[in-house]
Amino acid sequence: MSARYSKRRLSDEAVLAIRASTEAHGKVAARYGVCRHTIQMIRQGRTYKDVGGERRHNPSRALPAERAAQIRNSRLSVRKIAATYDVAYATVIKIKHRRGCYAV
């Protein structure tokens, strides 16, 4: 942890682990005791800019087309799909309604 930022809640190692993780924001947030928005900001590189690691400006694009097709064709409720495929509720909505990067 940098001496310059002594009030940080997360260590540099934790930030690197968060950026490397592909788990949903909520699960990672619960593990580290922070809110989902904090995880999103870390992954996008808006916070903890001095810590290295890959920044993902649109993590939802990492979802393979096959997985998106499975989600789109699923007849389960949106909440059950999100839990089953370990994706965010909003991502399932985007896939179902063909919005954003899932418009194809």
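The values are calculated or read from the model by the stated rules, or taken from the named source; none is laboratory data. As the structure is a prediction and not an experimental result, all values here were calculated from the model. For neighbour counting, all protein chains shown are included, and Cβ atoms are generated from backbone atoms with ideal geometry for every residue, glycine included.
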### Task
Determine the pairs where a residue that is on the phi > 0 side of the Ramachandran plot and of a type outside the set (Ser, Thr, Tyr), located within the stretch 11-27, has a partner that is in a loop (DSSP other than H, G, I, E, B) and modelled with pLDDT of 90 or more with Cβ atoms under 8 Å apart, the partner being 6 or more residues away or on another chain.
none
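Filter the helices (runs of 4 or more DSSP H) completely within the stretch 17-104 down to those with at least 2 residues that are under 30 Å from LYS7 (Cβ atoms) and either modelled with pLDDT of 90 or more or within 14 Å of the chain's Cα centre (by Cα) (or both). Walk me through it before giving the result.
Details: elements: 25-32, 36-44, 65-73, 78-85, 89-96.
Ranges flagged: 25-32, 36-44.
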